[in-house]
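What follows is calculated from the coordinates using simple rules that are stated; it is not laboratory data. This structure is a prediction, so every number in the text was calculated from the model and none was measured. Every residue, glycine among them, receives a Cβ derived from its backbone with ideal geometry; neighbour counts consider all protein chains shown.
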């Protein structure tokens, strides 16, 4: 089995700009994360345009769907921004692909101390190999189906609807 990782941006992949104190995008952290995680499963990586999920449009979700459709792998993990992760999961879920697709992300960028990025990615990669075909969100140590998940912005966690 090979695992497909698709980077789409989100907080997970943001970099801190020391000159102006902002967070933005350069390159994906996923090549470093894959190496650091010491995964023994072969991993194929696609890096789509890196966006904050609040900036995602229908065309961006269509690009993510197309990447999933085109992937030969049956297990796919998508690193995505948390603000609109449920919306992208709904697009993928409605497509009813015969693959296991798990969306994950981070509340704190990978490159910043105490980030949840590595933990969330590890969870997503593990369950992508074991869950039945379908679309899921893996965050905060929990796994949710695409049609029963919401982000609780006040608590900063994902939970069932």
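A few notes on this one:
- Protection proxy ranking for 73-79, 130-136, 104-110, using the average of other Cβ atoms within 10 Å per residue and placing the highest first: 73-79, 104-110, 130-136.
- Between residue 22 and residue 2, the modelled labels are 3.8 nm apart [label points 7 Å from Cα along Cα→Cβ].
- Two-site label geometry, residue 152 and residue 87: point separation in nm, points 7 Å out along Cα→Cβ: 2.3 nm
- Between the range 37-54 and the range 82-120, the alpha-carbon center distance in angstrom: 11 Å
- Each Cα pair under 8 Å and six or more residues apart adds its sequence gap; the mean of these over the residue count of the range 3-159 is a relative contact order of 25 percent.
- Pairwise FRET efficiency - residue 38 versus residue 132, Cβ, R0 = 25 Å, nearest 0.05: 0.40
- Annotation: Cα Rg of the chain relative to the compact-globule expectation 2.2 N^0.38 Å equals 0.95.
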